[in-house]
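Remarks on the structure that follows.
The values are calculated or read from the model by the stated rules, or taken from the named source; none is laboratory data. Just so it is clear, the model here is predicted, and its values are computed rather than measured. Cβ: placed from backbone, ideal geometry, glycine included. Neighbour counts: every protein chain shown. Keep in mind that these areas ignore ligands, DNA and RNA; they rest on the heavy atoms of the full protein, side chains included. Shrake-Rupley method; radii C 1.70, N 1.55, O 1.52, S 1.80 Å.
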Amino acid sequence: MMSLLGVGVTSLLRSEGRPPFHLRLPPPAGASSKWDIREKVWDHLESTGLAEFPRPVHRRIPNFKGSLQACSSIQELDVFSRAREVKVDPDKPLEGVRLAALQARKTLLVPTPRLRTGLFNRIVPPSGATKEILRICATSQGVKDYSVPVGLDGRAQVDLVVVGSVAVSEKGWRIGKGEGYADMEYAMMVSMGAVQEDTPVVTIVHDCQVVDIEEELLDDHDLTVDFILTPTRIIKTNCKRPKPQGIIWHKVSYEMLGKIPILKTLRYREKQMGKDVTLRDEHPHLANTTRAAALNKEMAENTQPQAATGSAQMGQHHVESDPLSPRLEGSGTITTVYVGNIPPSLRVSELKCALREFHVTPFRLNWQGAQHRAFLDYKDQVTAERAVSSLKGLSLGGNTLRVELAKSQRNKGQGEINSQK
């Protein structure tokens with residue numbers, strides 16, 4: 001049998017002995033990149049009529065004819081039979097696996113789209129759901145209508161991971177659509193303790209997506225797979241290449257933190273554990289420790305005296321600020337950031353620590369713990385908006401904070417604030 005790239009491969013046929021799918025294409029000229037392989041797969045699926053809705057399949061985890069047949073074979077795997085909690089990506093070709101998990105009464109976790117609002121949603125079918133309702137629950141619309149979010153403190157323990165792929169080799173080396181979300185999802189699950197080293201990973205693809213992939217194309221953040229399911233085959237890869245051991249922070253950018261807010265919380269937690277969470281953007285400045293020291297000194301000065309913490313926990317308003325310089329006193333309006341949904345157990349010192357970590361030091365902090373909120377005053381709107389962007393999605397004490405510009409901005413020197421000093 002020939003793979004998509006024209007290289008011979010062997011296959012493990014299913015027990016019922018269906019013949020393997022035959023495909024022959026000319027080998028590529030010269031060494032292929034990941035994008036070369038993706039484009040060949042996408043082009044082939046479209047040109048041969050194997051592509052299914054949504055189309056075109058380019059830039060997607062492609063859906064294909066026979067995807068439900070490939071998905072159904074997951075029930076033949078012992079790792080599926082033993083699993084109680086299954087994480088399945090939301091891609092269309094994996095719909096059959098989501099349905100199989102629901103029908104088997106397993107806990108089904110689906111990542112939130114592009115990880116914008118968290119990591120997982122748990123699909124909860126209505127009581128007494130019929131087969132038709134379960135089918136709806138397995139669709140993208142069903143994931144929206146019948147799911148509840150699972151926070152970082154939800155103690156998920158995933159027994160089986162199912163991901164989509166654009167291409168995969170029989171050695172278990174996988175290529176996604178190029179955005180890195182599946183790799184990041186797995187790394188985040190490692191970080192939060194939701195998967196173990198031996199948690200199996202399965203992918204669902206068409207036979208033509210099983211190709212030879214040069215190991216040189218793989219990076220240490222790339223997720224590998226243990227089983228490949230196609231419309232005609234079950235392939236056990238026996239992959240020896242290690243899976244990601246967690247989030248590789250020096251490959252994460254500030255831009256990625258902005259796109260995936262839950263990363264901020266994970267980074268904050270790992271920082272508290274003493275791990276190196278230096279971002280890619282920060283590496284060119286590692287030698288410049290003066291700036292980091294200055295930021296820490298600034299925050300320490302801004303958040304004294306510590307003795308006021310106790311009274312804040314008793315529900316009293318607590319305002320901290322630097323002495324205002326003459327320049328500040330006479331300049332326009334401050335911009336205030338509202339921080340809400342603060343859990344009752346959170347101490348003001350923990351919020352300060354987070355502000356310091358994200359380099360969003362306010363010149364004045366108004367802590368209102370009894371009302372589960374705080375107000376952060378900044379010298380200008382640009383700095384305040386950067387604080388909102390940096391803190392959005394941050395989870396402290398089990399609560400995701402609500403962070404936004406305050407609805408009514410207060411003037412510098414206004415009596416409301418000064419009277420509380």
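Taking the conditions exactly as written (without any contact (Cβ under 8 Å) to a residue 40 or more places away in the chain and either among the aliphatic types (A, V, I, L, M) or outside any strand (DSSP E or B) (or both)), does PRO149 satisfy them or not? Spell out the reasoning first.
Values: without any contact (Cβ under 8 Å) to a residue 40 or more places away in the chain: yes; either among the aliphatic types (A, V, I, L, M) or outside any strand (DSSP E or B) (or both): no.
Spelling it out, it is not the case that PRO149 is without any contact (Cβ under 8 Å) to a residue 40 or more places away in the chain and either among the aliphatic types (A, V, I, L, M) or outside any strand (DSSP E or B) (or both).
Only residues that are open to solvent by less than 10 Å² (accessible area, probe 1.4 Å) and in a loop (DSSP other than H, G, I, E, B) were counted across the range 340-362, and they come to 5. Would the range 164-172 turn up any residue that is touching a residue at least 12 places away in the same chain (Cβ under 8 Å), open to solvent by less than 10 Å² (accessible area, probe 1.4 Å) and closer than 30 Å to VAL403 by Cβ? The answer is no, given that none of the residues of the range 164-172 is touching a residue at least 12 places away in the same chain (Cβ under 8 Å), open to solvent by less than 10 Å² (accessible area, probe 1.4 Å) and closer than 30 Å to VAL403 by Cβ. Against the test of being over 26 Å from ALA194 (Cα atoms) and at pLDDT 95 or above, the options PHE80, PHE64 yield a single qualifying residue, PHE64.
Could you tell me which of the residues VAL57, VAL97 is over 20 Å from TYR186 (Cα atoms) and touching a strand residue (DSSP E or B) at 6+ places or on another chain (Cβ under 7 Å)? Answer to the check: VAL57. Which members of the range 196-225 meet the condition of being without any contact (Cβ under 8 Å) to a residue 60 or more places away in the chain and part of a loop (DSSP other than H, G, I, E, B)? Within the range 196-225, GLN196, GLU197, ASP198, THR199, LEU218, ASP219, ASP220, HIS221, ASP222 qualify.
Among the residues of the range 61-119 satisfying the criterion of being part of a loop (DSSP other than H, G, I, E, B) and open to solvent by 40 Å² or more (accessible area, probe 1.4 Å), which is nearest to VAL163 (Cα to Cα)? First the steps, then the outcome.
Within the range 61-119, the subset part of a loop (DSSP other than H, G, I, E, B) is 61-63, 65-66, 77, 83-84, 89-91, 104-106, 112, 116-119.
Remaining after also requiring open to solvent by 40 Å² or more (accessible area, probe 1.4 Å): 65, 84, 90, 104-105, 116-117.
Values: LYS65: 18, ARG84: 17, PRO90: 9, ALA104: 19, ARG105: 20, ARG116: 18, THR117: 20 Å.
Looking at the filtered set, the residue picked out is PRO90.
Total residues in the range 242-258 satisfying the condition of being open to solvent by less than 60 Å² (accessible area, probe 1.4 Å), in a loop (DSSP other than H, G, I, E, B) and either in contact (Cβ under 8 Å) with a residue 40 or more places away in the chain or closer than 26 Å to PRO62 by Cα (or both): the figure is 5.
Evaluation of ILE133 against the conditions (1) within 22 Å of GLN75 (Cα to Cα); (2) open to solvent by less than 20 Å² (accessible area, probe 1.4 Å) shows that the sole unmet condition is (2).
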